[in-house]
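Data first, discussion second: the structure below is written as structure tokens.
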Protein chains: 2
Amino acid sequence: MGGGLKQALKGALRPLVRHLAPPRQDLPLSWWRLERDAAGALRLDGVALEGLLARWGSPVHVVDSVRLHDNAARFLVRPGVAGPPLEVYASYKTNPVPGVLARLHRAGFGAEVVSPYELWLALHLGVAPERIVYNGPAKSEASLELALSRGVGLVNVNTRSELAPLAAVARRLGVRPRVGVRVTVPGTWGGQFGERVDTGAALAAFREAAGLPELRLVALHAHLGGELADAAGLEAFLSGVLGMADQVRERLGVELEILDLGGNLACPTTRKLAPRDHRLAVTFGAEPAPRPPGSVLSIEAYLAAVAGRVGGHYARLGRPAPRVFLEPGRSVTANAQLLLTRVAQVRDEEAGLTWAVLDAGINVAESVRAEWHQLLPLLDPPGAARRRYRLTGPSCMQGDLLYPSWSLPPLSPGDGLAIMDAGAYFVPFSTDFSFPRPPIVVVGEGPERLLRRGESFEDLVALDAAEPPAAAGRVDAGLNGA
Amino acid sequence: MGGGLKQALKGALRPLVRHLAPPRQDLPLSWWRLERDAAGALRLDGVALEGLLARWGSPVHVVDSVRLHDNAARFLVRPGVAGPPLEVYASYKTNPVPGVLARLHRAGFGAEVVSPYELWLALHLGVAPERIVYNGPAKSEASLELALSRGVGLVNVNTRSELAPLAAVARRLGVRPRVGVRVTVPGTWGGQFGERVDTGAALAAFREAAGLPELRLVALHAHLGGELADAAGLEAFLSGVLGMADQVRERLGVELEILDLGGNLACPTTRKLAPRDHRLAVTFGAEPAPRPPGSVLSIEAYLAAVAGRVGGHYARLGRPAPRVFLEPGRSVTANAQLLLTRVAQVRDEEAGLTWAVLDAGINVAESVRAEWHQLLPLLDPPGAARRRYRLTGPSCMQGDLLYPSWSLPPLSPGDGLAIMDAGAYFVPFSTDFSFPRPPIVVVGEGPERLLRRGESFEDLVALDAAEPPAAAGRVDAGLNGA
């Protein structure tokens, strides 16, 4: 009865709240090098996105090469402050598409890999072994043998328990690998990652590493975890890291050559959605707002803060600063890729909300369930009306809900939409759930080109053993009744 | 400060609660045809699971052919009550592995498909077109052309808006397809699926369908949504469906030939985890309990209830009962498959909880985050101690947490574990996130055989365009500092 009353109350309030909810404030199109022509058609660097969909089919990923190179170049500009060299490694897991990674490598990025496959991929792409950092909590013995025999630049152990097996591989191969220890400074992720600074576990791991003659202990590795969006969070993290490096020098007499500061820098045009955002959108149709992109630490501010803080710390100590490794992912690739999709079905439902089914759902855009991503209609004629939509993916699963509430011009089946900032975690989290995975094209280098073709139906069963034909041809088969 | 106090309190309570928490009550191994030998090694139908891991590598999916056939056979036994024929269609999306589907088809199941790919797959596997039901909210025009030209047995429109485009395809091809309308009865999922009974939208859709000369309106289609676990839920659902069928006959004069009752029957040895289960496990190490499998509607009870309720309804009306279609997924395949994995890393952390990293995580077992799945050590020597573990997957992502708290014998790297009931939604939700997807073998038909080989590293870049070698070979590249 209480539940029924609550439902009735929500039902009565819903149209009112939906009516009163302020319109969503969209970010300027220039954040993505987009513009609309006089008819309202969306263009990226002069290319009509509707044309891309027509030529490559729907859905399709579009990599903006100009933005990707621009982001990479910004990471490789020397910050205008005194400080140590900053060396940049591409986080493979964030966007493992060879066409994306190869462009970052050609720009000057090394490779940060976290699995045997990613290690193989970096070598396959021609990255010089000394420009590879091998991280991760599940390095196989075979992959360690590959890494050490090829002379990978740095192997960071995730926990102390990796040290002895790593030393055993080194002894067997007769090499002395360059090794770092991942630590967890207070206020950052712990869990399965790193040895804790506050309990003394990190120092114990460094002590053990320093005592193993098979290993060359050169690095301290740390990740903020989560998302790095402001200067205060960065300062706390850097303080923790520098304090730990001081401990290693003072307590163990080890002068570290490298501080590997991991990744986590935010994308300015996305944000994590709180459970409350989702609830309000589902129940009352409230449209979540973006965060002000200007409030997010920029690449330049990040580099300047790192160089300044690390440089200042060692200048005060009167010691040479270590090299600094950075492992950016999201901040390099997220806003350099977008996902184009078409409306598959539209229908009315409930007061003030219209349901639309897209041909892209959680199978290719899982991140949209947890993060704010701008959604743009490919055609938005001047003066077009607005209607509030609930947008789902194409699969037969109630949870395939991408946008619980989003105002758009009136939609019809076939209309195109762009999901922005699709360059981080969209492709690696993609599944074959009922639909094959889409192609990836690159624009901004002359005529668009295919980086990865879409999966064919045949591709999805290419690894399967042949089966005798089904016997379900008999119409009476499967009848269990009279 | 409040947060700090809360943390401190939790920290103080944790060891106490962990100590007091009752041991987890495991389900008997016989639920999965498992047993342990005298040394404590886990065997499936006489085959040592550790041997399977050793022969096929880790992780590996294992399909139990005997259980799969047994489940299928149970669905095809005529229930011991008077009633209409029940015809059974395999839900492709639940487990789209050709080796699994072909076995169900050979047993007598038809195919229930929800996407152009699944339609293609059913035809590819040799299913007779008249034994295919085509559902889903995103049927492409090309797939409708294929379905109609091949003479698919039933096309269920998800919403009224599909009717006109379907009729247009039928007109063009000069065929008259057999069509159903998906409805949403009160108390079940609505959202993007079906036309609502309570608003009159469903009747309006039937009226439109009945008026289209290009279509043969033969079916009413409905899903309970969520999970069907008890007789009361089934009765409410069936009442709604039968009431709607009566409306269609009384108001429109249309005698439906088919009631398609969808799927949703639960797996007895899993359950949905509540957010509370997760919180208690994360914060206090409380181990979530299974539900009593005997409390879940069995296949036999389900069939008897459906046949009895539908048969009784039409007997009272003095009319012949329609054919009944069932589309089971989870209840057929879930407990006929398990996922074997090995421990990659173990380390101590926090009072009373030990962290272990598995080589299978959310990349291949996403469902474990939301559902209770029995986890069994492959070796559990008699009298072995118990230790409480927090088990994560291998990826570099904090959310890759499979079991926040689970008691096991002491683990070492390399030890094997079995995640049970991996036959529903594990494979279709798998990703290539940092790791290739594992092989699938079948046991119970003589020596085990490969159904699907594991992905190679090369497979993961087989669709990618060749890239010029990376220029990151220069050690000075990527230096942006002094």
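Things worth noting here:
- 10 Å binning of all Cα-Cα separations within the stretch A:225-311, expressed as whole percents from 0 upward: 14, 35, 25, 15, 8, 3, 0
- In order along the stretch B:194-206, the Karplus-derived 3J(HN,Hα) couplings, from 6.51 cos²θ - 1.76 cosθ + 1.60 at θ = phi - 60°, round to x, 9, 6, 6, 5, 8, x, 5, 5, 4, 4, 5, 4 Hz, and Gly and Pro are given as x.
- Residue-averaged beta-carbon neighbours from other chains (10 angstrom radius) around A:433-446: 3
- The distance between label points at residue B:239 and residue A:172 comes to 6.7 nm (points 7 Å beyond Cα on the Cα→Cβ vector).
- Within chain A, helix-based [θ] at 222 nm, where runs of 4 or more DSSP H residues each add -39,500 (n - 2.57), nearest 500: -9500 deg cm²/dmol
- The mean of 1/r over all distinct Cα pairs in the stretch B:49-152, once inverted, gives the Kirkwood hydrodynamic radius of 15.4 Å.
- Protection-proxy order for peptides B:172-183, A:275-286, each taking the mean of Cβ atoms within 10 Å per residue, highest first: B:172-183, A:275-286
- Position residue A:176, label points 7 Å along Cα→Cβ, spacing to each other copy in nm (shortest first, one decimal): 8.7
- Estimated D of the stretch B:155-232 in µm² per second, where Rh is the Kirkwood radius over Cα pairs and Stokes-Einstein applies at 4 °C, 1.567 mPa s: 99
- Contact order for the stretch B:133-232, expressed relative to its length and based on alpha carbon pairs under 8 Å spaced 6+ residues apart, stands at 27 percent.
- 3J(HN,Hα) couplings calculated from phi for the stretch B:392-409 with the Karplus curve 6.51 cos²θ - 1.76 cosθ + 1.60 (θ = phi - 60°) are, in sequence order, 10, x, x, 7, 8, 7, 4, x, 7, 10, 8, 10, x, 7, 7, 7, 8, x Hz; Gly and Pro show x.
- Label point of residue A:298 (7 Å along Cα→beta-carbon): distances to the other copies' equivalent points are 7.0 nm, sorted ascending.
- Taking amide hydrogens as placed 1.01 Å from N in the peptide plane, the amide H of residue B:405 sits under 5 Å from those of B:391, each at least 5 positions away in sequence or on another chain.
- For the stretch A:286-402, convex hull of alpha carbons as volume per residue, Å³: 163
- Packing rank of B:73-82, A:77-86, A:434-443, where each peptide gets the mean count of other beta carbons within 10 Å, highest leading: A:434-443, A:77-86, B:73-82
- Partner chain coverage, peptide B:316-327 - average Cβ within 10 angstrom: 1
- Rounded to the nearest whole Hz, the Karplus-based 3J(HN,Hα) values (6.51 cos²θ - 1.76 cosθ + 1.60, θ = phi - 60°) of the stretch B:133-150 follow the sequence 10, 10, 10, x, x, 9, 7, 6, 4, 4, 6, 5, 4, 4, 4, 6, 6, 8, with x at glycine and proline.
- Amide hydrogen neighbours beyond the local backbone of residue B:345, cut-off 5 Å, H modeled: B:357
- Close amide H contacts of residue A:87 (hydrogens built in the peptide plane, cut-off under 5 Å, sequence separation of 5 or more or a different chain): A:324, A:325, A:326.
- Of all chain A residues, the one whose C-beta is nearest the axis that brings A onto B, in angstrom: A:431, 3
- Inter-chain Cβ neighbour average for residues B:389-401, partner chain, 10 Å: 6
- Spherically averaged projected area of the convex hull of Cα atoms, the protein assembly as shown: 39.9 nm².
- Size of the stretch A:84-221 as Cα extents on the principal axes (Å, biggest first): 42, 39, 29
- Electrostatic tally near residue B:163: other residues with Cβ closer than 13 Å to its Cβ, Lys and Arg +1, Asp and Glu -1, net +3.
- Packing-based ranking, highest mean first, of A:61-71, A:198-208 given that Cβ atoms within 10 Å are counted: A:61-71, A:198-208
- Derived value for the stretch A:91-165: Kirkwood hydrodynamic radius 12.3 Å. Basis is the mean of 1/r over every pair of different alpha-carbon atoms.
- Hydrodynamic radius of chain B per Kirkwood, over alpha carbon pairs, in Å: 24.8
- Cα-Cα P(r), the stretch A:212-252, percent of pairs per 5 Å interval: 5, 19, 24, 19, 14, 10, 7, 3, 0
- 11 Å beta-carbon shell around residue A:393, net charge (K/R +1, D/E -1): -2
- Across the identical copies, how the residue A:23 labels are spaced - nm, sorted shortest first, 7 Å along Cα→Cβ: 6.5
- Estimated FRET transfer efficiency when R0 is 30 angstrom, pair residue B:232-residue B:66 (beta carbons, to 0.05): 0.40
- Neighbours of residue A:239, meaning other residues whose beta-carbon lies under 12 angstrom from its beta-carbon, give a summed charge of -1 when Lys and Arg score +1 and Asp and Glu score -1.
Read the figures in this text as sums done on the coordinates, not as results from a lab. This one's a predicted model, so the numbers in the text were calculated from it and none came from an experiment. So basically every Cβ, Gly included, is an ideal-geometry build from the backbone, and we count neighbours across all protein chains shown.
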